[in-house]
1. So I15 clears everything in (1) crowded, with 19+ Cβ neighbours inside 10 Å; (2) in contact with a strand residue (DSSP E or B) (Cβ under 6 Å, 6 or more places away or on another chain) except one condition, right? Which one?
2. Identify, please: which residue in the stretch 35-78 is of a type in the set (G, A, S) and not in a helix (DSSP H, G or I) and is, among those, surrounded by the most Cβ atoms within 10 Å (Cβ to Cβ)?
3. Can you find a residue that is modelled with pLDDT under 90 and in contact with a helix residue (DSSP H, G or I) (Cβ under 8 Å, 6 or more places away or on another chain) anywhere in the stretch 84-92?
4. Just name the residue that is surrounded by the fewest Cβ atoms within 10 Å (Cβ to Cβ) out of those in the stretch 163-189 that are touching a Leu at 6+ places or on another chain (Cβ under 6 Å) and polar (S, T, N, Q).
5. Output the qualifying pairs, or none if there are none: Cβ atoms under 8 angstrom, residues six or more apart or on different chains, first residue in the stretch 89-111 and more than 17 Å from Q79 (Cβ to Cβ) and in the same structural domain as T55 (by TED's automatic domain parsing), second residue acidic (D, E) and modelled with pLDDT under 70.
6. Of the residues that make up the stretch 21-34, is at least one in a helix (DSSP H, G or I), of a type in the set (K, R) and buried (at least 16 other Cβ atoms within 10 Å of the Cβ)?
7. A155 fails exactly one of the following numbered conditions: (1) part of a loop (DSSP other than H, G, I, E, B); (2) outside the structural domain of K248 (by TED's automatic domain parsing); (3) at pLDDT 80 or above. What is the number of that condition?
8. Can you tell me which of (1) within 12 Å of I8 (Cα to Cα); (2) under 21 Å from the mean Cα position of the chain (by Cα) is the one M58 doesn't meet?
Amino acid sequence: MSKKHILIVDDAKDILFLLRHSVKRLGPEYEVSTAEDGPSAVQQIQKNQFDLVLTDYMMPGMTGLELAETVHQISPGTQVVLMTAHDTAGLRDIVEDMHLVGYVGKPFSVPQIQKVVERVFAKTHEPVDQSHTQPTDLNQPVHEQLKTLYNQIGAHYVLLLNSDGHPLQVIGQADRAKISRLATFVAANFLAVTELATLVGDTTSVFKSSYYEGNNYNIYAYDINSDYLLVVVFGTGEKPGTVWFYTKQTAAALASLLGTPASEDDGDPAVADEFDDLLGNETRPLT
């Protein structure tokens with residue numbers, strides 16, 4: 001089995017982490033290195049032979065196109081794929097003129113990236129799969145569940161994403177780029193916790209939720225049986241226990257809608273109150 005050497009370049013550490021582990025999932029023959037900017041990527045390319053460089057387009061200091069030009073000078077046999085949120089006709093022409101393998105538009109899903117990588121090594125011309133994991137006919141019922149949760153807890157916004165970090169639906173006003181980064185971060189965090197558990201010999205635990213506490217907003221994320229992630233961004237004035245309770249209820253409903261079995265523990269209002277008491281939060285009615 002011949003090794004496939006890949007270098008992934010992105011100045012966003014969360015995206016870099018997710019991509020590295022996602023490509024490694026393709027098989028033991030995939031050896032993945034990473035770099036957080038163009039200059040450090042060039043240093044690695046000068047020392048090692050890579051079959052493929054997967055690079056972000058907009059990076060400080062050296063853009064992905066500038067890196068691609070340098071790669072072609074140092075290692076003409078190395079293939080380059082560009083990742084970009086700037087999908088324009090001009091950019092497509094540049095990619096074609098530079099004889100790059102292609103580019104992937106952001107936001108992207110992990111399966112898309114995996115298919116691109118496999119296509120490069122298989123030297124086929126199969127199109128990148130643009131399909132999502134959420135069935136189209138379930139969009140409205142799922143939307144209603146998310147909207148109900150949004151209203152129940154007065155959230156800043158509510159987000160459903162697949163386990164690969166691809167946003168599927170969002171309720172509330174939020175910048176698309178920020179939503180994409182948040183989705184990637186949450187998916188990478190769940191993956192990181194699983195990796196950490198494996199390092200200490202725990203291969204059976206299932207981590208269902210994560211909680212991030214900030215100065216202005218808190219973030220609560222809940223795993224829906226390893227297929228989807230439900231994310232709630234809410235103000236610091238809201239009761240975490242109330243958010244926890246209603247999020248679990250919604251996750252159970254979504255699990256049924258999306259064809260995954262619901263958790264046996266659907267939550268208890270008393271448990272939510274105990275959770276708030278433990279954190280020292282005062283009871284306040286929902287508005």
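1. It is condition (2) that I15 fails.
2. Step one: list which residues in the stretch 35-78 are of a type in the set (G, A, S), which gives 35, 38, 40-41, 61, 64, 68, 75, 77.
Still in the running and not in a helix (DSSP H, G or I): 35, 61, 75, 77.
Working: A35: 22, G61: 11, S75: 17, G77: 9.
Among residues in the stretch 35-78 that are of a type in the set (G, A, S) and not in a helix (DSSP H, G or I), the one surrounded by the most Cβ atoms within 10 Å (Cβ to Cβ) is A35.
3. Yes, there is a match, as at least one residue in the stretch 84-92 is modelled with pLDDT under 90 and in contact with a helix residue (DSSP H, G or I) (Cβ under 8 Å, 6 or more places away or on another chain).
4. Ranking the candidates gives Q169 first.
5. If the second residue must be acidic (D, E) and modelled with pLDDT under 70, the pairs left are G105/D87; P111/D129.
6. Step one: of the stretch 21-34, the residues in a helix (DSSP H, G or I) are 21-24.
After this cut, where a residue has to be of a type in the set (K, R) as well, the list is 24.
From what's left, buried (at least 16 other Cβ atoms within 10 Å of the Cβ): none.
No: zero hits.
7. With respect to (1) part of a loop (DSSP other than H, G, I, E, B); (2) outside the structural domain of K248 (by TED's automatic domain parsing); (3) at pLDDT 80 or above, A155 is out only on (2).
8. (1)
The values are calculated or read from the model by the stated rules, or taken from the named source; none is laboratory data. Worth saying up front: this structure is predicted, and the values here are computed from it rather than measured. We place every Cβ from the backbone using ideal geometry, glycine too, and count neighbours over all the protein chains shown.
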